[in-house]
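The values are calculated or read from the model by the stated rules, or taken from the named source; none is laboratory data. Since the model is a prediction, treat every value here as computed from it, not as a measurement. All Cβ positions, even for glycine, are placed from backbone atoms using ideal geometry, and neighbour counts span all protein chains on display.
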Amino acid sequence: MKKIAPLLVYLALMTGCNTDTKEKSGYPTTGYIERLDPGLDSLIIKEAKIEIIATGLDWSEGPLWVEKENMLLFSDVPRDTIFKWTETGGKEVYLTPSGYTDTIKRGGEIGSNGLLLDPSGNLVLCQCGNRQMARMDAPLNKPEPLYTPLATRYDGKRFSSPNDAVYNAAGELFFTDPPYGLESQRDDDPKKEMKWNGVYKVKTNGEVILLTDSIPRPNGIALLPGDQQLIIACSDPAKPNWYIYDLAGDSLMNGRIFHSTLNELKEVNGLPDGLKIGKNGIMYASGPGGIWIFTSTGKLLGRIRVKNPASNCALSGDEKTLYITNDMQILRVKLRN
């Protein structure tokens with residue numbers, strides 16, 4: 001019977017049935033953990049549940065655990081708002097506007113997307129509406145919509161809508177720039193200024209370098225431990241892959257597919273999107289059907305299976321908890337201590 005139960009839950013998820021249950025912690029639970037390799041047991045205990053800790057969002061993105069404040073931040077992109085979640089206070093508005101500060105009204109998804117901290121502990125935002133990477137010029141515990149641009153253009157042309165980003169140990173900023181924040185979300189949008197969708201690096205002196213223009217829909221981005229390899233998610237349905245590159249100074253070398261989902265799980269929601277890599281090199285990546293869990297060498301250990309599309313995830317400071325932005329809700333999975 002233990003082997004049959006996951007299949008029943010899977011079928012319920014795929015047919016739209018409500019599989020949410022109530023956990024002893026008071027949070028409802030959803031989905032299930034699909035174990036494809038015994039190595040997953042060393043990461044997630046068999047009794048682990050997928051808890052729903054916050055709901056009522058339009059489209060959640062960019063989760064960031066802030067250890068100093070013991071809070072989770074995440075973007076609600078259509079609402080142009082960042083929310084925070086704490087165990088004691090639940091979900092609360094943290095910052096608005098988060099992605100668009102112009103007075104001219106426009107359509108599209110204008111809010112912030114990816115969130116991260118710079119080496120000095122300041123909040124850095126991928127701003128879809130402002131079409132830039134920016135830093136919030138206010139303390140984390142007293143947020144204000146005051147922003148300093150970190151990157152607005154490449155070769156004189158505006159970015160489309162920075163989506164996700166990561167810093168290396170040297171303080172250089174890597175980010176992706178797909179068209180999703182433009183009003184049409186398409187490459188032929190009249191306000192799109194570049195022919196490609198690029199991946200960029202901002203050097204510590206502010207210089208912006210184009211790393212690659214060959215990924216049709218660059219999305220999530222993360223560095224493997226040691227900062228010598230970069231992984232980039234592609235959310236193009238025709239090329240739903242994670243790519244890995246070797247870093248050589250200001251260049252990407254030896255690009256290849258880390259893992260492809262082209263022939264897998266076509267019946268479920270989601271595409272390769274945001275991802276996080278732990279200190280042990282384990283990669284947690286949003287993709288079709290939920291969160292995919294890989295070793296640093298590309299071995300698939302399992303999946304955290306959920307019904308609605310998962311856009312991104314974040315690890316707590318001690319890496320004992322994984323937070324997932326899951327469409328209109330936020331999920332939490334306790335990892336092994």
**OP:** Pick out the one residue from Lys239, Lys307 that is crowded, with 16+ Cβ neighbours inside 10 Å, in contact with a helix residue (DSSP H, G or I) (Cβ under 7 Å, 6 or more places away or on another chain) and on the phi < 0 side of the Ramachandran plot.
**Re:** Lys307
Subject >> Per-region count, the range 254-280, residues of a type in the set (Val, Ile, Thr) and in contact (Cβ under 8 Å) with a residue 60 or more places away in the chain >> reply: 1
Subject >> Conditions (1) part of a loop (DSSP other than H, G, I, E, B); (2) closer than 22 Å to Tyr180 by Cβ; number of the one not met by Lys279 >> reply: (2)
**OP:** Would you be able to say whether some residue in the range 195-210 is in a strand (DSSP E or B), more than 30 Å from Gly121 (Cβ to Cβ) and among the basic types (Lys, Arg)?
**Re:** no
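Per-residue answers, yes or no, for (1) hydrophobic (A, V, I, L, M, F, W, C); (2) modelled with pLDDT under 95; (3) within 13 Å of the chain's Cα centre (by Cα):
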position: Lys276; (1), (2), (3): no, no, yes
position: Ser286; (1), (2), (3): no, no, yes
position: Ile304; (1), (2), (3): yes, no, no
position: Ser311; (1), (2), (3): no, no, yes
position: Asn326; (1), (2), (3): no, no, yes
position: Ile330; (1), (2), (3): yes, no, yes
**OP:** Kindly provide the set of residues from the range 39-94 that are farther than 20 Å from Trp292 by Cβ and modelled with pLDDT under 95, ordered by number.
**Re:** Glu47
Original post:
With Ile244, Ile232, Ile221, Ile215 as the choices, which residue is modelled with pLDDT of 95 or more, part of a loop (DSSP other than H, G, I, E, B) and either surrounded by 15 or more Cβ atoms within 10 Å (Cβ to Cβ) or β-branched (Val, Ile, Thr) (or both)?
Top reply: Ile215
Subject >> All positions within the range 254-273 that are hydrophobic (A, V, I, L, M, F, W, C) and assigned to a strand (DSSP E or B) >> reply: Ile257, Phe258
**OP:** Taking Lys203 as the residue in question, decide whether it is without any contact (Cβ under 8 Å) to a residue 24 or more places away in the chain and either buried (at least 16 other Cβ atoms within 10 Å of the Cβ) or over 21 Å from Ile82 (Cβ atoms) (or both).
**Re:** no
Subject >> All positions within the range 29-78 that are exposed (fewer than 13 other Cβ atoms within 10 Å of the Cβ) and closer than 17 Å to Pro143 by Cβ >> reply: Glu67, Lys68, Asn70
